[in-house]
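Peer 1: Here it is: the structure, laid out below.
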Amino acid sequence: MSLTTTHVFFLVATIALALGIGMLCARSVRSAEGFSLGGRTSGVFIVAGSISGAIIGGAATIGTAQLAYAIGLSAWWFTLGSGISLIIMGLFYARPLRRSGLETISQYLVVQYGSATGPVTSMIGSLGILFSAVASALSGIRMIAMIFGCPPWQAAGAIVGLVMAYVLFGGLKGAGASGIVKMVVLWVTLMVAGVVAVLSLGQTPRFDTVFPAFPWFSLFGRGAFESLGNVFSLVVGVLCTQTYIQAIYSASDSRTAVAGAFTAALIVIPVGLPSVAVGMFMHLHHPDISPILALPLFLARYVPDWLGGIGIAGLLLSVVGSIAGLVLGIGTMVSRDIGAGVMGIARNATLLWINRGTVLVVTAIAVVIALANPDSYVLDWNYLSMALRGGAVFIPLTLAIFRPGLLAGRWAIGSMAIATALAVAGKVIFGWTINPLYTGLGTSAAIITLAFVVSVARHEKAPVPGSE
């Protein structure tokens, strides 16, 4: 793909604007909490920008068009399911989480289940989040290599550098502000691209023959069982992800947290539809391309050059912003739950640099994994990520929020550890075809049910929160 001078000018200008705004936010970051939570002063749009900026990455845009290129409307499930999960978060989870005044999911679980819960939850959450970062890195590497004609390893290095500029200094506040710019860019360009694609598809001769109703216009084009499993993975995964909960914690108050979650849902849900239309358009007119390149190629060829340049910049920012927001969540858990919680580090400056160092290391790991799996589906990495991070933590977290004191800490820790180990082993070692969410969530539910049976048989009560 060759870009015109107009493409390049608007691409560079858009990226510079977004990164410049994020860097300006760095001037106010002087502490670990300021880096990870923006000083707990975030308004509705910063909260929504932080959440949507992390969710709408390579998977929601490039990955959705990639899957739509093959099966059509079923690719919409990623942004649709993410939006549903954010609505559930706003209705039930955002208020109690923000009122806790904490910083990580692990801290919330520690209050309920004891100190040993912290490291276990952090490791589970970090593993799941890493796979989401891999998904965005996978799409970003291919796109940068295509645009600039460079080898994949150089594209991977560019992604690491952009992530560092995006989040390393400004933290959550910088990511949130840049996320707002990114979302405006993506919304405008994707909606224009979607209209162009739909109008062109509407003029296709024998449309029903080229695109039969199934699978192209069915939400269950990959099968009802797999599709529902994937959307369920999104719901429990988003509710158990530090990156999104971190944005809730950063809100100035609980009402702002709720409004931010709802606003993010309104932003996220529609984004998948124009990507689906573009994927189908490219399937019709360019049947021989690599599907992962469908969306950037469309923006380069089928919209005005200035808008195409802005749109390609938006895609790059979506990749970078998603990775940045995700790895920032891991950095916060490592600095707070491991650095402060396990190692007893109290010095603010040290915790800040642990957070920043983790962001750099995890980003590098994500791009290496992406380089090793160049032909995999972007959305499949994200569904796996959501399943792993949610399957083990969802039930203990929900009980901690709505029924504190019901589950003993030793059972909570055991359920999370065993559920994660079995889900990973089933997928990686034994090659089970079942969605790892079902494995993890089923194991977690079975162990917790056993805990209740044993408790009733022994007439036990769960210990007072924090006593273990």
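The values are calculated or read from the model by the stated rules, or taken from the named source; none is laboratory data. Since the structure is predicted, the reported quantities are computational estimates derived from the model, not experimental observations. So basically every Cβ, Gly included, is an ideal-geometry build from the backbone, and we count neighbours across all protein chains shown. For the accessible areas, the whole protein counts, side chains as well, though only heavy atoms, and no ligand, DNA or RNA atoms are used. Shrake-Rupley method; radii C 1.70, N 1.55, O 1.52, S 1.80 Å.
Peer 1: For Thr358, are the conditions met, namely being open to solvent by less than 30 Å² (accessible area, probe 1.4 Å), among the β-branched types (Val, Ile, Thr), modelled with pLDDT under 85 and closer than 25 Å to Ser115 by Cβ?
Peer 2: no
Peer 1: If Ser455 meets every condition in (1) open to solvent by less than 50 Å² (accessible area, probe 1.4 Å); (2) touching a helix residue (DSSP H, G or I) at 6+ places or on another chain (Cβ under 6 Å) apart from one, which number is that one?
Peer 2: (2)
Peer 1: Could you list all residues from the range 140-194 that are modelled with pLDDT of 80 or more and of a type in the set (Lys, Arg)?
Peer 2: If the condition is that a residue be modelled with pLDDT of 80 or more and of a type in the set (Lys, Arg), then Arg142 is the only one that fits.
Peer 1: What are the residues in the range 283-299 that are among the aliphatic types (A, V, I, L, M) and farther than 24 Å from Ile55 by Cα, if any?
Peer 2: Selection gives Leu284, Ile289.
Peer 1: Sticking with this structure for a sec: Which condition from (1) under 22 Å from Ser82 (Cα atoms); (2) open to solvent by 10 Å² or more (accessible area, probe 1.4 Å); (3) of a type outside the set (D, E, K, R); (4) in contact with a strand residue (DSSP E or B) (Cβ under 8 Å, 6 or more places away or on another chain) is the one that Phe232 breaks?
Peer 2: (4)
Peer 1: Is it the case, given these coordinates, that Gly272 is under 19 Å from Ala59 (Cα atoms), more than 15 Å from the chain's Cα centre (by Cα) and not basic (Lys, Arg)?
Peer 2: Criteria not met by Gly272.
Peer 1: In the range 67-102, what residues are within 17 Å of Leu234 (Cα to Cα) and of a type in the set (Ser, Thr, Tyr)?
Peer 2: Selection gives Ser74, Thr79, Ser82, Ser85, Tyr93.
Peer 1: Which number in (1) assigned to a loop (DSSP other than H, G, I, E, B); (2) open to solvent by 40 Å² or more (accessible area, probe 1.4 Å) marks the one condition that Ser376 misses?
Peer 2: Every listed condition holds for Ser376 apart from (2).
Peer 1: Do you know which of the residues in the range 329-348 that are of a type in the set (A, V, I, L, M) and either in contact (Cβ under 8 Å) with a residue 60 or more places away in the chain or assigned to a loop (DSSP other than H, G, I, E, B) (or both) is nearest to Ile62 (Cα to Cα)?
Peer 2: Ile330
Peer 1: Being open to solvent by 10 Å² or more (accessible area, probe 1.4 Å) and modelled with pLDDT of 80 or more is the filter here; which residues of the range 331-344 pass it?
Peer 2: The answer is Val334, and nothing else.
Peer 1: Looking at (1) buried (at least 19 other Cβ atoms within 10 Å of the Cβ); (2) within 19 Å of Thr243 (Cβ to Cβ), find the lone condition where Pro119 falls short.
Peer 2: (1)
Peer 1: Assess whether Ile448 counts as being open to solvent by 20 Å² or more (accessible area, probe 1.4 Å), of a type outside the set (Ser, Thr, Tyr) and in a helix (DSSP H, G or I).
Peer 2: For Ile448, the condition - open to solvent by 20 Å² or more (accessible area, probe 1.4 Å), of a type outside the set (Ser, Thr, Tyr) and in a helix (DSSP H, G or I) - is not met.
Peer 1: Identify the single condition in (1) open to solvent by 30 Å² or more (accessible area, probe 1.4 Å); (2) under 19 Å from the mean Cα position of the chain (by Cα) that Gly149 does not satisfy, given that it satisfies every other one.
Peer 2: Here Gly149 meets the rest and fails (2).
Peer 1: For the range 125-140, which positions are of a type outside the set (Gly, Ala, Ser) and open to solvent by less than 10 Å² (accessible area, probe 1.4 Å)?
Peer 2: Once the filter is applied, which keeps residues that are of a type outside the set (Gly, Ala, Ser) and open to solvent by less than 10 Å² (accessible area, probe 1.4 Å), the range 125-140 yields Ile129, Val134, Leu138.
Peer 1: Would you check if there is a residue in the range 240-261 being of a type in the set (Asp, Glu) and free of Cβ contacts under 8 Å to residues at least 12 places away in the same chain?
Peer 2: There is no residue in the range 240-261 that is of a type in the set (Asp, Glu) and free of Cβ contacts under 8 Å to residues at least 12 places away in the same chain.
Peer 1: Among the residues in the range 100-111, are any open to solvent by less than 10 Å² (accessible area, probe 1.4 Å), modelled with pLDDT of 90 or more and farther than 14 Å from Ile267 by Cβ?
Peer 2: Within the range 100-111, one or more residues are open to solvent by less than 10 Å² (accessible area, probe 1.4 Å), modelled with pLDDT of 90 or more and farther than 14 Å from Ile267 by Cβ.
Peer 1: Right, here's the next one. Quick one: in the range 257-269, of everything that is farther than 19 Å from Gly63 by Cα and open to solvent by 20 Å² or more (accessible area, probe 1.4 Å), which residue is farthest from the chain's Cα centre (by Cα)?
Peer 2: Going through the qualifying residues, I end up with Ala259.
Peer 1: Out of the residues in the range 396-438 that are assigned to a helix (DSSP H, G or I) and under 20 Å from Arg95 (Cβ atoms), which is most open to solvent (accessible area, probe 1.4 Å)?
Peer 2: Taking the candidates together, the pick is Phe402.
Peer 1: Given the options Leu307, Leu297, Leu317, name the one that is among the aliphatic types (A, V, I, L, M), modelled with pLDDT of 80 or more and closer than 24 Å to Ser385 by Cβ.
Peer 2: Just one listed residue meets the conditions, Leu317.
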